[in-house]
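*Asks:* A single structure is presented below for examination.
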Amino acid sequence: MGIGMGRSTRWRGLSLPGCADRDWFEVTTFECQGGVARHNANDVWFAESADPELTLVIDPAKLEAGWVLLSASLVMDRGGASAYLVVTTTDGQRLFSLPATSKGRILELIQLPEGVTRIALRPLVSSGSFSLSSVRIRRVGRWDRWHLMWRRVLGTFWRTPSARRRQAGLFLWTPVFSLTHAYRLAGTFLAYAPSLSYSKWLDRFEQFTWRDRWQVRLKSWRLQSFARRMRVILDVSGASEMLVQRTLDSLAAQVGVSCETWLLDQDGAFIPAQSQKASDYSSDREVPDWTVWVKAGCELAPMAMFWIAHELRMHPETELLYSDHDYLDAKGYRHNPQFKPDWSEELALTTGYPGAVFAFRTDRVGREYTPAAGYALLLQLMVDLPASRVRHVPAVLWHQPDSVNAYVPDLEALRTHLRDRGVFADVSRTASGHLRIHYPKPISPPLVSIIIPTRDRLDLLQPCVESLLGKTRYPQFEILVVDNDSKDPAVLDFMAQHERSGQIRVLRYAKPFNFSAINNFAVQHARGELICLLNNDTEVITPDWLDEMVARLMQPGIGVVGAKLYFSDGRLQHAGDVVGSGGCAHHLHGPLARDEPGYMDRAVLAQDLSAVTAACLLTPRELYQSLGGLDEKNLAVAFNDVDYCLRVREKGLRVIFTPFAELYHHESVSRGKDESPESKARAQREVAYMRSRWAHVMRHDPFYNPNLSYVRPDFSLSPAPLVRKPWCWFS
């Protein structure tokens, strides 16, 4: 019989060749270690500490060496799984990763070694709750194993862009030489493959080898004349001699490109790096076109100046350039990488996230510099700075020791900067140490039309409407409930009662469900200058939610503002969307706890993004109508909000997420899950349309670093970062 022939059975939609139900050994008994205990009788467990383990109680005869297939259903309370199988033998212990699908399904081939004494499941890498069910194991023969391996590998080749496969080391010839290795690599592209540690990620993707050095030197001849137009200013104010020397040593170790270096002391005097005497830099000298600002103590990577010079030469319109960075502990080990988004003016204002090393066009500032004013200098550079003239290098080009204090965003500096731009906003410091801009409320608040599509479900509509009426402080709003053919008498009575009182207006839409068409229909009847799209399964938390959103939308250049949404249990549901992740688009972060700041504190910071959800979205009515509203032809149900936001950005306007407008959102509860063949076909068409229409954005969302995972947008490290090194031959 050929591969794939013979008997088959179904495991949660997956066909397993040559496998009958009697071939499986189901594990129903576990021994708990690491503070893990069953929470209730519904296969829900809770782990009090990191790396909990559940020992699988298995007949010793089942532990003989050879290939086995493990299947299970594992779902964490944070939306996914990051699991390992711990195999203990007489010689030690081995870990096997257990990648899972987006729904928590595990189906993994494991080669058990000789002398197995114990098998345990490590479902989490941290504390938390999880559900575990259908844990089964069976022996597999050669043909079954080859079939399962080839199916995963070929599926990965079909679904995954070639550039990502190659970056992960999965080439066309990989399965020919080692099918097992190709199978493991393909597993890293599943939605919840265990994440790489930063040290392992560095070993795999950031080794600056002798070959890299050789290629940099070969290509550096093109940059020699350009490098003479650059200088390095080292801010040494308040720094010890050891920290200064640390930075100078890293500058001396640059490969391919070097520039003159000047030290800026606490008195504002320039000192040549090769001298100990102050010099009047501004006299009798031609000022270089480019300045690279470095805070003393920071170490530049060996290829940093080459990469910076290359980017500036290839993109001469650039006026500000920054890169990613990480930190160095007391022993010199790298940790805590800061993989930053492309330019977000809002995020830069409140955090100064470009950091302590950045390059800028010298003529954007005068010849005078204030020592220890990196953040103030950044604000000065941001005046009338178009986003198109800011360049982000998505690579770690410098390292900041833990002992070096970074530039802290200054309250008064930001207030002054905003006032000089004609924005009379208040500024406060947040619990995370960043700044928050309180934009002024309009003197004459514009009318906001809040549009709520609904069908039945009084248990959702009533708290939504009553929270709007009872909590919202904003003085000028109307509520338009769009009834999509409700039948429930209680719902009809509720709407009629509130309509008679003048608290809401009810619009009847008796056509088949089309989220885009429903909202477009309502906008035609809206009286407000601003439109708020709001799901009927939302509830207001912060009374000033609409004040916050309106104040931000009224700022120049803003086209959309989105809110921060939580599940009913308080976990984060939405803090902005990333485009391209999960095949099309996905919410950022995953369901964090309400008080968790997220990666680089981005879950608690206002920022530019590619898209936000229409579960709560504010936009000008005139803009909405000029763009044709939501796409009711191609995107009747899903991704219409993402598409609208991308069209807004295509028009040159910005999309802002604010964490200071908070609501609950019981995601998709009102409509439920539609698993009909027609629904699945419609969903596939919508995904295909988005991938075709926005292919250029799908390849790289500017606000999600390419070094981070695009399989799941939780800011974990990517197993296949799409970053081209400028010295490599294919660049």
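The values are calculated or read from the model by the stated rules, or taken from the named source; none is laboratory data. The model shown is predicted, which means the values in this text are computed figures rather than measured ones. Cβ sites come from the backbone with ideal geometry, for glycine too, and all protein chains shown count toward neighbours.
*Asks:* What pairs can you find where one residue is in the stretch 596-615 and closer than 17 Å to residue 324 by Cβ and in the same structural domain as residue 557 (by TED's automatic domain parsing), the other is at pLDDT 95 or above and crowded, with 19+ Cβ neighbours inside 10 Å, and their Cβ atoms are less than 6 Å apart, with a gap of 6+ or different chains?
*Replies:* Close Cβ pairs satisfying both conditions: 607/344; 607/346; 607/347; 607/657.
*Asks:* Between 337, 394, 341, 409, which is part of a loop (DSSP other than H, G, I, E, B), surrounded by 19 or more Cβ atoms within 10 Å (Cβ to Cβ) and modelled with pLDDT of 95 or more?
*Replies:* Result: 341 is the single residue among 337, 394, 341, 409 that is part of a loop (DSSP other than H, G, I, E, B), surrounded by 19 or more Cβ atoms within 10 Å (Cβ to Cβ) and modelled with pLDDT of 95 or more.
*Asks:* Moving on. Does residue 182 qualify as being of a type in the set (Gly, Ala, Ser), touching a residue at least 24 places away in the same chain (Cβ under 8 Å) and closer than 22 Å to residue 337 by Cβ?
*Replies:* Answer is no for this residue.
*Asks:* Looking at the stretch 419-432, I want the residues that are over 15 Å from residue 556 (Cα atoms) and have a partner that is in a helix (DSSP H, G or I) and of a type outside the set (A, V, I, L, M) with Cβ atoms under 8 Å, at least 6 apart or on another chain. Which pairs are those?
*Replies:* Pairs found: 426/415; 427/415; 432/601.
*Asks:* Could you tell me whether residue 165 is among the charged types (D, E, K, R), surrounded by 15 or more Cβ atoms within 10 Å (Cβ to Cβ) and in the same structural domain as residue 29 (by TED's automatic domain parsing)?
*Replies:* Yes; evaluated as a whole, the condition is true for this residue.
*Asks:* For residues that are assigned to a loop (DSSP other than H, G, I, E, B) and of a type in the set (S, T, N, Q), scanning just the stretch 252-267, find the one that is farthest from residue 229 (Cα to Cα).
*Replies:* Per the criteria, the residue is 266.
*Asks:* Sticking with this one: Go through the residues of the stretch 442-454 one by one and say whether even a single one is among the β-branched types (Val, Ile, Thr) and in contact with a Cys (Cβ under 6 Å, 6 or more places away or on another chain).
*Replies:* There is at least one residue in the stretch 442-454 that is among the β-branched types (Val, Ile, Thr) and in contact with a Cys (Cβ under 6 Å, 6 or more places away or on another chain).
*Asks:* On the basis of being among the β-branched types (Val, Ile, Thr) and at pLDDT below 95, does residue 518 make the cut?
*Replies:* No.
*Asks:* Right, next: Take the residues in the stretch 436-481 that are part of a helix (DSSP H, G or I) and acidic (Asp, Glu); name whichever of them is nearest to residue 601 (Cα to Cα).
*Replies:* Once the filter is applied, the top-ranked residue is 466.
*Asks:* On to the next question. Quick one: would you say residue 642 is at pLDDT 90 or above, closer than 19 Å to residue 613 by Cα and assigned to a helix (DSSP H, G or I)?
*Replies:* Yes, satisfied.
*Asks:* For the stretch 420-435, how many residues are assigned to a loop (DSSP other than H, G, I, E, B) and either aliphatic (A, V, I, L, M) or farther than 17 Å from residue 607 by Cβ (or both)?
*Replies:* Of the residues in the stretch 420-435, 6 are assigned to a loop (DSSP other than H, G, I, E, B) and either aliphatic (A, V, I, L, M) or farther than 17 Å from residue 607 by Cβ (or both).
*Asks:* Something else about it: Would you point out the residue of the stretch 705-720, among those that are part of a loop (DSSP other than H, G, I, E, B) and in contact with an Asp or Glu (Cβ under 9 Å, 6 or more places away or on another chain), that is surrounded by the most Cβ atoms within 10 Å (Cβ to Cβ)?
*Replies:* Here the residue is 710.
*Asks:* What do you reckon, is residue 629 part of a loop (DSSP other than H, G, I, E, B) and modelled with pLDDT of 95 or more?
*Replies:* For residue 629, the condition - part of a loop (DSSP other than H, G, I, E, B) and modelled with pLDDT of 95 or more - is met.
*Asks:* Could you run through the stretch 581-597 and say how many residues are surrounded by fewer than 24 Cβ atoms within 10 Å (Cβ to Cβ) and in contact with a helix residue (DSSP H, G or I) (Cβ under 7 Å, 6 or more places away or on another chain)?
*Replies:* Summing the residues that are surrounded by fewer than 24 Cβ atoms within 10 Å (Cβ to Cβ) and in contact with a helix residue (DSSP H, G or I) (Cβ under 7 Å, 6 or more places away or on another chain) in the stretch 581-597 gives 6.
*Asks:* Checking the condition surrounded by fewer than 18 Cβ atoms within 10 Å (Cβ to Cβ), over 26 Å from residue 584 (Cα atoms), in the same structural domain as residue 120 (by TED's automatic domain parsing) and touching a residue at least 40 places away in the same chain (Cβ under 8 Å), which residue from 150, 146 passes?
*Replies:* Just one listed residue meets the conditions, 146.
*Asks:* Next question. Within the set of pairs 6+ apart or on separate chains, which have a first residue in the stretch 454-470 that is farther than 15 Å from residue 665 by Cα, a second that is in a helix (DSSP H, G or I), and C-beta atoms under 6 Å apart?
*Replies:* Listed pairs, sorted by first residue: 456/491; 458/490; 458/491; 458/494.
*Asks:* Residues of the stretch 58-117 being farther than 22 Å from residue 180 by Cα and assigned to a strand (DSSP E or B), which ones?
*Replies:* Result: 73, 74, 75, 76, 92, 117.
*Asks:* Hey, another quick one. Which of the residues spanning the stretch 482-504 are β-branched (Val, Ile, Thr) and in a loop (DSSP other than H, G, I, E, B)?
*Replies:* 504
*Asks:* When you go through 78, 105 one by one, which is the residue that is under 25 Å from residue 192 (Cα atoms), among the basic types (Lys, Arg), at pLDDT below 85 and in the same structural domain as residue 116 (by TED's automatic domain parsing)?
*Replies:* 78
*Asks:* Ok, one more. Residues that are at pLDDT 90 or above and not acidic (Asp, Glu), at least 3 per element: which helices (runs of 4 or more DSSP H) completely within the stretch 125-196 meet that?
*Replies:* Answer list for the stretch 125-196: 142-159, 174-177, 179-187.
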